[in-house]
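The values are calculated or read from the model by the stated rules, or taken from the named source; none is laboratory data. These figures come from a predicted structure and were not determined experimentally. Every residue, glycine as well, gets a Cβ built from its backbone with ideal geometry; the counts of neighbours run over all protein chains shown.
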Amino acid sequence: MEEHGIPYLREIVLFLIASGIIVPILHRLRVSPVLGYLIIGGIIGPFGLGMFVEDIGWLSYAVISDLKGVSALAELGVIFLLFMIGLDLSLDRLWAMRRWVFGLGSLQILITGTIIGAIAWGFGNTPAASIVLGSCLALSSTAIVMQLLIERRQLASPMGRSSFSILLMQDLAVVPILFMVGVLGSKAQDGVGMALLLSLGKAVLVIVGIYVLGRLVIRPLFHMVARTRSVEMFMAATLLMVIGASAVTGMAGLSMALGAFLAGLLLAETEFRHEIEVDIEPFKGLLLGLFFMSVGMGIDYRVVGEQTFWIIASVVGLFTLKTAITASLCLVFGLPRHTSLETGLLLGQGGEFAFVVVGLAMTLGLIPGEVGQFMLIVTGISMVITPLVASASSHLIKRLEPSSTTASHEGNIEQIGGMEGHVVVAGFGRVGRILGRTLDADAIPYVAIDTDPNSVAAVREQGMPVYYGDASRLEMLRRAHLDKASALVVTMDNASAAEHVVKVVHAEWPHLAIVARARDAEHASRLLDCGAAEVIMETIEASLQLSGRILQLVGTPEEVSHRRIDAQREQELAAVRR
């Protein structure tokens, strides 16, 4: 097709047809969008319809043959995904997860890499090739796993948090693995220790530099841009932060996705995070779709046909081994059996980083071409079937979950009997605990559900009726006798998870009173649309309480100040409802 001056015009048109027409059709058939993109990529790629172009000329209009161009653009999808993840976190929350990131994540990489490397050596690979294969196959696909967690609204669940912790450590491991491959491929081994120290020192310097410079520059920059009230300038500043930080880490030899993650963490501390989330979401979704298509395009099905048995055996073996190791480590770190197994299955595939490492190793002569191509196909197929494995694991976990709920961590919610007119609390963090103490003080019965097993164990020791579980699951809410409750209070930190709970509960019990905690007016509006009867906005309530105290301190009678605050609250709520 003639390009008409626009590079990759045919590829762009085909991708938009897939995103705007084919994937929505597959989604209506209950096919995961991730799996839809992977399937379409395989069909329109050079090893799908591309194999018949010479015989059927018009197929050239429906085939993407330039994988390098597509892959370069698709990498931006992973960058935007990591940026959005960082935007949803904060440095405090990341520090609170250090045991999971650096403990669980590091052990998963070391143990899995060692065992896979030993297996590769047993199959006749050189020690260097075995080390490289073990290191890269120990990593999983951040793009696919995180997108599945977001689609299934499980990012805030125990399984989501444990998976994210491991994936984050894997992204941090990119630097030493790349350096190791370079050292193994080098003939001269002199000064390896000093080179390693210099490389790690440069990595630390770049990360600290981005953090310090970002803290000094980001807020003033975005304040200046926001004052222009220009959507285009705000978007330009956001893209500058994302791509600029990625470029800096990339030039320093680090993962570009790590730079985007750091930019997200920095912007999460500002008042602009919600506007940025709304602006970036379409870019992230489309470019991730392009990434998934590029993975599907890269699988040469001719090789699959020639070595069917060994490829299937390798994919099954990779999933089995990684699932067993990850699930066992999750159990050691105190997660329930069903959560550990689901985490292991979700992280059982190879990752996109394997394409980079194996490609570099083949270039340096560490891995023979046929071995490298074989492992890339195994990695690609393992990524393609991940949505199917995730779906199957959900059904398996539903059967295991009731029997794996232990009294030591969660209590047994089925022991609750004869309750009626009580309050059900979804989420028992700092807000939920204050509410619980208030209800206890007035002897009002309640049941709380939370997804953090450590938090549940701690508050149960204080005698609070709190149970481990996912409040977005209707069967969990039925065990809490929500059908007989007087109200549901949603206090969850995760905004999208809170909206999902309100929506499913309102659909099942439309007459139940739902009171939800909202971050801000925008979040409150979405909660009301989902079916909440009342919303309590953190920012507005704090401002109203402060205003009431000031009115009283300057001499306004208490009764008058209460009336004024109540009137102001009604005005704010009316604005949200409008």
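Would you check if there is a residue in the stretch 500-513 being assigned by TED's automatic domain parsing to the domain that holds residue 427, closer than 30 Å to residue 564 by Cβ and in contact (Cβ under 8 Å) with a residue 40 or more places away in the chain?
no
Looking only at residues that are touching a residue at least 24 places away in the same chain (Cβ under 8 Å) and assigned to a loop (DSSP other than H, G, I, E, B) in the stretch 45-60, which one is nearest to residue 290 (Cα to Cα)?
Applying the filter and picking the extreme gives 45.
Checking residue 364 against (1) aliphatic (A, V, I, L, M); (2) buried (at least 17 other Cβ atoms within 10 Å of the Cβ); (3) at pLDDT below 80: exactly one of these is not met. Which one?
The failed condition is (2).
Out of (1) more than 23 Å from the chain's Cα centre (by Cα); (2) without any contact (Cβ under 8 Å) to a residue 40 or more places away in the chain; (3) surrounded by 17 or more Cβ atoms within 10 Å (Cβ to Cβ), the odd one out for residue 359 is which?
(3)
Taking into account only those residues within the stretch 289-346 that are of a type in the set (S, T, N, Q) and under 23 Å from residue 160 (Cα atoms), which is surrounded by the most Cβ atoms within 10 Å (Cβ to Cβ)?
Going through the qualifying residues, I end up with 343.
State yes or no: is residue 342 within 22 Å of residue 147 (Cβ to Cβ), of a type in the set (D, E, K, R) and in a helix (DSSP H, G or I)?
Working: within 22 Å of residue 147 (Cβ to Cβ): yes; of a type in the set (D, E, K, R): yes; in a helix (DSSP H, G or I): yes.
Considered against the rule, which asks whether it is within 22 Å of residue 147 (Cβ to Cβ), of a type in the set (D, E, K, R) and in a helix (DSSP H, G or I), residue 342 comes out as yes.
Return yes when residue 196 is modelled with pLDDT of 80 or more and either closer than 24 Å to residue 113 by Cβ or surrounded by 10 or more Cβ atoms within 10 Å (Cβ to Cβ) (or both) and no when it is not.
Against the criterion (modelled with pLDDT of 80 or more and either closer than 24 Å to residue 113 by Cβ or surrounded by 10 or more Cβ atoms within 10 Å (Cβ to Cβ) (or both)), residue 196 does not qualify.
Suppose we keep only residues that are assigned to a loop (DSSP other than H, G, I, E, B) and modelled with pLDDT under 80 within the stretch 465-491. Which one would you say is surrounded by the fewest Cβ atoms within 10 Å (Cβ to Cβ)? Explain how you work it out, then say what you get.
Residues of the stretch 465-491 that are assigned to a loop (DSSP other than H, G, I, E, B), as a first pass: 465, 469-473, 480-481, 485-486, 491.
Next cut, modelled with pLDDT under 80 only: 469-470, 472-473.
Numbers: 469: 24, 470: 21, 472: 25, 473: 16.
Within the stretch 465-491, the match that is surrounded by the fewest Cβ atoms within 10 Å (Cβ to Cβ) is 473.
Looking at this structure, is residue 119 modelled with pLDDT of 80 or more, within 24 Å of residue 329 (Cα to Cα) and out of contact with any helix residue (DSSP H, G or I) (no Cβ under 6 Å at 6 or more places or on another chain)?
The answer is yes for residue 119.
Considering every residue within the stretch 503-522, establish whether at least one is at pLDDT below 85 and in a helix (DSSP H, G or I).
Yes, the stretch 503-522 has at least one match.
Can residue 344 be described as within 19 Å of residue 38 (Cα to Cα) and under 18 Å from the mean Cα position of the chain (by Cα)?
The answer is no for residue 344.
A quick yes/no check of all residues on (1) within 25 Å of residue 248 (Cβ to Cβ); (2) modelled with pLDDT under 80:
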{"residue": "17", "(1), (2)": "no, no"}
{"residue": "23", "(1), (2)": "no, yes"}
{"residue": "26", "(1), (2)": "no, yes"}
{"residue": "38", "(1), (2)": "no, yes"}
{"residue": "71", "(1), (2)": "yes, yes"}
{"residue": "79", "(1), (2)": "yes, no"}
{"residue": "90", "(1), (2)": "yes, yes"}
{"residue": "103", "(1), (2)": "no, no"}
{"residue": "114", "(1), (2)": "no, no"}
